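For reference, the structure discussed in these notes is given below.
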Amino acid sequence: MKDPACPDCNVVMERGFIPDLRRTGYDETYWMNGHFTTITSLGWGRGTGGVSMKVVTYRCPDCGLLREYAQPEKRE
Ligand SMILES: [Zn+2]
């Protein structure tokens, strides 16, 4: 995915992520479809859906706006 532009400032946003606290430390945030059901002994969330995607957060260097995207990973 091409880095998006801020809708307010029209400058390219910087890619990053917001750490997600787990029992074993920090990890990237994931988007899952469906509803949350339980958490495993290893700290992984379980849900009713079968889709899980990493969440990428972009930040505008001018105004600080954050936008999040969850897209399937490309296999290269
Ligand atoms: Zn902006």
The number of residues in segment 1-49 that are touching a residue at least 12 places away in the same chain (Cβ under 8 Å), aliphatic (A, V, I, L, M) and farther than 23 Å from LEU65 by Cα is 2
Taking the condition of being assigned to a loop (DSSP other than H, G, I, E, B) and open to solvent by less than 100 Å² (accessible area, probe 1.4 Å), how many residues in segment 13-68 meet it?
18
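The values are calculated or read from the model by the stated rules, or taken from the named source; none is laboratory data. Quick caveat: nothing in here was measured; it's all calculated off a predicted structure. In this analysis, Cβ positions are derived from the backbone assuming ideal geometry, glycine residues included, and neighbour counts consider all displayed protein chains. For the accessible areas, the whole protein counts, side chains as well, though only heavy atoms, and no ligand, DNA or RNA atoms are used. Shrake-Rupley method; radii C 1.70, N 1.55, O 1.52, S 1.80 Å.
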